[in-house]
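The values are calculated or read from the model by the stated rules, or taken from the named source; none is laboratory data. Since the model is a prediction, treat every value here as computed from it, not as a measurement. When we count neighbours, we look across all protein chains shown, and the Cβ atoms used for this are built from the backbone with ideal geometry, even at glycine.
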Amino acid sequence: MKRKVAALLLLCLAPALPALAQARKEVPLSLEDSIVRVLKDNLNLAVEVLNPDLAQANLTLAKEAFMPQLALNFGSDNQESRSTWWLQGSGTTTMKSMTYGLGLTQLFPTGGQLQLSLANNRSETNQPFQLFNPYYRSSLNFSFSQPLLQGFGPKIAGREIQIARVNIQQSESQFRKLMMDVVFQVEEAYWNLVYAIENLKVKRQSLELARELWAKTKKEVEFGQTAPIELLNAEATVAQREADILQAEALVKRNDEVLRAMLNLRPEQPGEELSVTPSDKPEFRKAAVSYDELIAKALVKRPELEAVRLSIEGKRINFRVAKNQLLPSLDLKLSYYSPGIAGDRIIYQDDNPFTGIIVGVEPGSPWDAVRDAFKFLYNNWSVSLNLSVPMADLFSRAGYTYSRLDLEKAQAQLKLQEQQVALEVSDAVRNLETDAKRVDAYRVARELAEKRLEAETKKLGVGLTTNYFVLEYQEKLANARSAELKALVDYNISLARVEKASGEILDKRRISIR
């Protein structure tokens, strides 16, 4: 009856079996594939990769300060009022004006500024006694100002550009640091998943051995060759190892989820379940490391140290500017302008405007005023030196003091960071050496456990021992295999940690951010 029910269930579930098989998809990945995928699809890297571009945009923005600036202006004005002077006559006085022009401003790396402008004005009124109406005036203006003490020089005027360049290098260092962390984390997660899967296999092998011994003991009890208590012991061991398998399976799922989250690995179809199947196995290749060589490499390649050094460079730029601000402000200013005047000239009778009799008009145009301005018919110039002494910089010097202390703090932080890096390298080397010794020790322990189990099994075959001791040696062998596997995985992780501590983890894998 049970067989008929089972056959009926299989017939009912047969159409759904392909769908169930398709619902779970295994993704085979090597360690190199995992690293490539995490560099391509990791969300943290996707966010951080924008920072160098943002820093580059800030550099372009800082350079724009030294690009010419063009300005255009236009204005119109109309004024009307009651006449208040007998020469104006009675009625309403009107004044209409229009201004328009263009200007060009250029900032120089020395801190100086040059301004060129052409200003135009048109005025028209109904008041009498005008010589030109409408009246056009143009003015070609040149002005140059240059700080001679405070604010002088490319290092001061180009401060924002220098800071922007430092920020670009800092963002690249931070991105390289994140890449190193992500590569190490994915390698650590990969080997942890490998350990969990292999450990599950060891647990299953141990369970099979326990089940085989339980079946053998059961037959012996049935034939009266073994006491029933031995069967109870075998059943308890089988139950215990089944519970161990549940824990091992949970560890596999957990480590699989961690790795898939790092790789941003998601199902392509709704309801699909993914699992990573590592294709690489941990190997023991004893690496000869030199602490002194690793320290020397770490001091040069670690992006954290590079970021601190760049921070010091930025603070040194700020300190140089703060020191310059202690100087008096002495500015040289030069200006020159050339006016041009034109318009409709009014001709009065006897050339006397008091007659009020207009006998003719000589037309003019705005271009006449502009042309005269470019002829430089008149000399109008000025030269000045302006000296300003800020009393706050003479007495408090707060800005200078703050920049100096900020620089000294950054330099002290660099020394502290170097000590931390040296300690990290020392710990990584020590752990690597310890894990190498653990691999050798646990390999020997596993070999001895295999021999002891083999000997105890033979003794059980001739009745010289009980299944209790055989089960105990099976458990010890399973633990020895798990310990050897854990030591091997830890050694591979420690090797990656040494490469990360020395700043070579990206170079070893031929990864570049450019």
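Taking (1) in a loop (DSSP other than H, G, I, E, B); (2) at pLDDT 90 or above in turn, Gln420 satisfies each apart from (1).
Counting only residues that are part of a helix (DSSP H, G or I), crowded, with 20+ Cβ neighbours inside 10 Å and in contact with a Pro (Cβ under 7 Å, 6 or more places away or on another chain), the range 152-167 holds 1 of them. Looking across the range 116-132 at every residue that is at pLDDT below 80 and in contact with a Ser or Thr (Cβ under 9 Å, 6 or more places away or on another chain), the one that is nearest to Phe376 (Cα to Cα) is identified as Phe132. Against the condition in contact with a Lys or Arg (Cβ under 6 Å, 6 or more places away or on another chain), part of a helix (DSSP H, G or I), at pLDDT 90 or above and not polar (S, T, N, Q), how does Ala412 come out, does it pass? Spelling it out, it is not the case that Ala412 is in contact with a Lys or Arg (Cβ under 6 Å, 6 or more places away or on another chain), part of a helix (DSSP H, G or I), at pLDDT 90 or above and not polar (S, T, N, Q).
Yes or no, residue by residue, for (1) touching an Asp or Glu at 6+ places or on another chain (Cβ under 9 Å); (2) surrounded by fewer than 18 Cβ atoms within 10 Å (Cβ to Cβ):
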position	(1), (2)
Gln113	no, yes
Leu116	no, yes
Asn120	no, no
Asn126	no, yes
Phe129	no, yes
Tyr135	yes, no
Ser138	yes, no
Ser143	no, yes
Gln146	yes, yes
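Just wondering, is there one or more residues in the range 280-298 that are in the same structural domain as Lys177 (by TED's automatic domain parsing), touching a strand residue (DSSP E or B) at 6+ places or on another chain (Cβ under 9 Å) and surrounded by 13 or more Cβ atoms within 10 Å (Cβ to Cβ)? Reasoning before the result, please.
Residues of the range 280-298 in the same structural domain as Lys177 (by TED's automatic domain parsing): 280-298.
Subsequent filtering for residues that are touching a strand residue (DSSP E or B) at 6+ places or on another chain (Cβ under 9 Å) retains 280.
With the extra rule that they be surrounded by 13 or more Cβ atoms within 10 Å (Cβ to Cβ), the set shrinks to 280.
Yes, the range 280-298 contains a residue that is in the same structural domain as Lys177 (by TED's automatic domain parsing), touching a strand residue (DSSP E or B) at 6+ places or on another chain (Cβ under 9 Å) and surrounded by 13 or more Cβ atoms within 10 Å (Cβ to Cβ).
Return yes when Leu464 is of a type in the set (A, V, I, L, M, F, W, C), under 23 Å from Leu231 (Cβ atoms), assigned by TED's automatic domain parsing to the domain that holds Ala243 and outside any helix (DSSP H, G or I) and no when it is not. Yes. Among the residues of the range 93-120, the ones that are closer than 19 Å to Phe142 by Cβ and polar (S, T, N, Q) come to 7 in all. Filtered by the rule that a residue be part of a helix (DSSP H, G or I), in contact (Cβ under 8 Å) with a residue 40 or more places away in the chain and under 30 Å from Leu140 (Cβ atoms), the range 367-409 gives Asp368, Ala369, Val370, Asp372, Ala373, Phe374.
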